[in-house]
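The values are calculated or read from the model by the stated rules, or taken from the named source; none is laboratory data. These numbers come from a predicted model, not from an experiment. Backbone-built Cβ (ideal geometry, glycine too); neighbour counts: all protein chains shown.
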Amino acid sequence: MDIADVARQTGVPASTLRYYASKGLITVLSSHGQRRQFGPDVVQRLALIALGQAAGFSLDEVMAMFTGGRVDRALLIEKASEIDARIRRLQAMSKGLRHAAQCPHEDHLACETFQRLMKAAAGTGRKASKRKPPTAATAGNG
């Protein structure tokens, strides 16, 4: 496939294709001085690169998975856990926005439900709920 065809079919700019080729992420079949030609697997490789980047992998991490032949399963599990945490925060943000749209309080910061949802959206909800409140005996010892 010609570089223009690959760019048109995938939506990846030719400049990005040249960059990926220079990094070794995709293989150019043609020799220097000719229009770059790519094999039929380039579309699939570009899809994998896009998926890896969307998951939060750097290009170097994607490259390591391509060249090593082995997938670092621990890294995949770590990224999946990061995505799960991001999903939980986004869901909490969505709930907070929906609550704020319907909340009868004029001042949302005075609403305990809104405060709890915003803590969860910031990723501090669980930590805050696990901490014990200071007692009279420990309040002055900080």
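Between 57, 114, 38, 66, the distinction of being at pLDDT below 80 and of a type outside the set (A, V, I, L, M) belongs to 66 only. When residues in region 82-106 are screened for being surrounded by fewer than 11 Cβ atoms within 10 Å (Cβ to Cβ) and at pLDDT below 85, 1 of them pass. Does region 59-74 contain at least one residue that is among the basic types (Lys, Arg), out of contact with any strand residue (DSSP E or B) (no Cβ under 8 Å at 6 or more places or on another chain) and under 23 Å from residue 87 (Cα atoms)? So far as region 59-74 goes, yes, one or more of its residues are among the basic types (Lys, Arg), out of contact with any strand residue (DSSP E or B) (no Cβ under 8 Å at 6 or more places or on another chain) and under 23 Å from residue 87 (Cα atoms).
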